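Any read-out appearing in this document is the output of simple, stated calculations on the displayed coordinates, not a laboratory observation. Computed from a prediction, not measured in an experiment: that's the story for all the values here. A quick note on method: Cβ atoms are made from the backbone with ideal geometry, for glycine too, and the neighbour counts reach across all protein chains shown.
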Amino acid sequence: MNFCKFSTEVISSKHTVIDNLFITDYLPLAPDLAVKVYLFGLQKCTSPNSQDNDLNCFSDTFGISKEDILSLYLYWQDQGLVQVLSTEPFEIRYLPVKRNANIKKWNDTKFSSFNSQIQEILCGRMITPNEYNEYYTVIDTFKIEPDALVAIAKYCTEIKGETVGHAYINTVARIWAAEGIKTKEAVKEKLESCALVSIDTSLVLKELGLKRKASIEEQNLFTKWTNVLGFDKGTISLVAKMLKKQKKNTFEKLDNALVNYYEAKMLSFFEIEEFENNKENLFNTAKNINKALGVWYESLDAEVSEFISKWVGLGFCEDTLTSVASHCFKKNVRTLQGMNEVITKFHKLGIISSEALKQYIEDLASMDKTIKNLLEIMGVCREVNQWDRTLYKCWSQDWKFPEDIIEYAVSLSTGKSLPMQYANKILSSWLEKKIKTLEEAKKLSETVTSVNKVNPTKVVAREYTSAELSALFDNLEEIEI
C-alpha cells in the first residue's frame with residue numbers, strides 16, 4: 001500500500017522541495033536516521049503511486065525493522081511534521097512545515113549522569129551535541145534505561161574500539177531492545193551470553209588463521225550455526241581448519257560452506273569429510289549429467305552443492321543419475337530443476353538403483369506392449385498415449401481386473417466411436433456388480449444384450465439433493481490421483 005502522501009495543503013511536483021524551516025528548526029536536533037527516513041518519504045510523496053512507495057521499500061533501504069520506521073515517524077508526528085493515520089495498514093500524511101514552539105529539546109540535566117559516563121567510555125573522541133541527541137532519542141523511543149545504553153556502548157568499544165560511531169551503538173541498542181533487552185540487568189545477562197559466544201567465535205577465528213577479536217556480526221553467525229542450523233562447536237572448528245587449508249579462510253566463506261552442508265543434510269564432520277573426499281567424483285558425475293541433458297556450465301560448484309550432493313545423499317549412484325538425465329533429455333526435460341522433479345518422483349517410488357530404474361522402464365515397456373495389443377483388438381491404429389496408460393492402470397491396478405476380463409471388455413468395444421471410453425464404461429459397470437471372473441462377465445454381457453433386444457432400457461433421470469451431491473464430492477476428494 002502507498003503510505004506516504006502529501007496532505008491536501010501540500011502541492012506535489014517533480015522535484016523534492018525541502019522547506020528552509022525544516023533545515024533550520026528541525027534538522028539540527030533530529031536523529032540522523034529520522035532525518036533520512038523523513039527525506040526519503042518526502043521524495044516518495046512526489047510519486048505516491050509508484051510501486052516502491054511501501055513499508056517494505058523503506059525497511060530494505062535503511063536495513064531496519066518496520067517497527068523502527070514507525071517509531072521514527074512517531075518522532076516526526078511529535079514534531080508536527082507528519083500524521084500517522086494508520087499502523088495497520090501503515091499510512092503516513094506529510095504536513096506543511098511550520099515554526100513549532102513544541103520542538104522536542106532534551107533536558108541536558110536529565111541525562112547529565114549518562115553524558116559523563118558515555119563520554120568516559122568513548123574517551124577516544126569528543127561527543128558532539130547532535131550525537132548526544134541521537135542517544136537521547138533512542139532512549140526515549142525504545143524505552144531503554146540510560147545505564148543499559150551505557151553498558152551497550154562499553155560492549156561496542158570492546159568490539160570496535162573507543163572511536164566506535166554512535167550509529168553502531170544505536171543499532172545494537174535497537175536490535176537488543178527488539179529482543180526485550182532494555183534494562184541494565186537484561187544487558188548484563190546478554191553480555192554474559194555474548195562473552196561465551198565471543199570465546200567460541202574467537203576460537204573459530206583462530207582455526208581460520210585470523211588474529212583479531214570477533215565482531216558482533218560474526219558472533220551472530222556463530223549463534224546461527226549452533227542454534228539454528230544445529231552444528232556442534234567441534235564440527236564448526238574442523239570445517240574452519242579445512243577451509244584454512246583450502247585458503248578460503250574468511251567468516252563469509254565459512255558461513256556459505258556450513259549453510260550448503262546444512263541444506264545437503266550433512267551436520268557431522270564425518271559426513272562433511274566424506275563429501276569433500278568424494279568431491280572429485282561428484283564433479284565428474286555433474287559433467288556426465290550435463291552432457292546427457294545437453295547443458296553446459298562454466299562452474300560446477302553450485303550444481304554440485306545444490307543438486308548432485310543432494311541426489312547422492314538420497315542414495316542415487318552415478319549410473320542411475322546419468323540414466324535419468326538421458327531419460328529427461330528424451331522427454332524434453334533439459335534443466336537441472338526439471339531433472340530434480342523427476343528424481344524426486346523416482347525417490348518417492350523407491351526407484352534409486354540403476355537396476356530398479358531398468359526394471360521400471362522394462363515394466364513400462366511391457367505395459368505399453370499390452371496396451372498396444374488392446375488397441376489392435378479394437379481396430380485402433382495409433383501409438384500408446386498417457387491417457388491409455390492411465391485407463392489401463394486404473395483397470396488392472398485400482399480395479400484389479402485380470403487380463404482376460406480386460407481383453408473381453410475391449411473386444412466388446414470394437415467398432416465403437418470411442419472404444420477406450422466404451423471399454424472403461426463396461427468395466428466400471430462390472431466393478432459395480434462385483435464381476436470377478438471371465439465367465440461371470442460373459443454371462444452378464446449375454447443377459448444384458450438379450451434384454452436390450454426385447455426391451456430397450458429407458459433411462460430415468462433422478463434429481464439429487466444438495467446433501468447427496470456434497471457427500472459425493474467429499475468422497476472424491478479422498479481419492480488420490
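Which aspartates and glutamates have a Cα less than 17 Å from the Cα of Lys190, not counting those fewer than 8 places away in the same chain?
Glu145, Asp147, Glu158, Glu179, Asp200, Glu217, Glu218
For a bin width of 10 Å, list the pair-distance distribution of segment 243-305 built from all Cα-Cα distances, rounded to whole %.
Histogramming segment 243-305 at 10 Å steps yields 19, 47, 28, 5 percent.
For a quick protection proxy, order the peptides 265-271, 16-22, 284-290 by their average other-Cβ count within 10 Å, most packed first. Show your work: numbers first, answer last.
Details: 265-271: 15.4, 16-22: 13.1, 284-290: 18.6.
The packing order, highest mean first, is 284-290, 265-271, 16-22.
What whole-number distance in Å separates the alpha-carbon centres of segment 196-227 and segment 253-293?
Cα centroid of segment 196-227 versus Cα centroid of segment 253-293: 24 Å apart.
Compare the peptides 292-304, 32-44 by average per-residue count of other Cβ atoms within 10 angstrom and give them in order, highest first. Intermediate values should be presented prior to the final figure.
Numbers: 292-304: 13.6, 32-44: 18.7.
Ranked from most to least packed, the peptides come out as 32-44, 292-304.
Using a 10 Å cut-off around each Cβ, can you sort Trp387, Trp399 from fewest to most neighbouring Cβ atoms? Mind showing how you got there, number by number?
Details: Trp387 10, Trp399 15.
Final ranking by Cβ density, sparse to dense: Trp387, Trp399.
Using square roots of five times the C-alpha gyration tensor eigenvalues, list the equivalent-ellipsoid semi-axes of segment 4-94 in whole Å, biggest first. The partial results should precede the final answer.
On the way: eigenvalues 64, 55, 32 Å².
Semi-axes, largest first: 18, 17, 13 Å.
Where nothing but the Cβ of Lys and Arg (+1) and of Asp and Glu (-1) is charged, how large is the charge dipole of the chain around its Cα centre, in debye to the nearest 20? List each step's numbers first, then the result.
On the way: 59 positive and 66 negative charges, 138 e Å.
That gives a dipole near 660 debye.
Starting from the Kirkwood Rh over alpha-carbon pairs, what translational D in µm² s⁻¹ does the chain have by Stokes-Einstein at 37 °C and 0.692 mPa s?
On the way: Rh = 30.5 Å.
Diffusion coefficient, whole number: 108 µm²/s.
Considering only the other residues whose Cβ falls under 15 Å of the Cβ of Glu432, what net charge follows from Lys and Arg at +1 and Asp and Glu at -1? Please list the in-between numbers first.
Details: positive: Lys400, Lys425, Lys433, Lys434, Lys436; negative: Asp398, Glu440.
Charge balance near Glu432 sits at +3.
For a footprinting-style exposure proxy, rank Asp140, Asp25, Asp398 by other Cβ within 10 Å, fewest first.
Details: Asp140 14, Asp25 17, Asp398 11.
Least crowded to most crowded, the residues run Asp398, Asp140, Asp25.
Could you work out [θ]222 nm for the chain from helices alone, using -39500 (n - 2.57) per DSSP H run of at least four and dividing by all its residues? Round to the nearest 500 deg cm²/dmol.
Values: 22 runs with 288 residues, N = 481.
Calculated from helices alone, the mean residue ellipticity at 222 nm is -19000 deg cm²/dmol.
Arrange the peptides 200-208, 363-371 so that the one whose residues have, on average, the most other Cβ atoms within 10 Å appears first.
Top of the packing list down: 200-208, 363-371.
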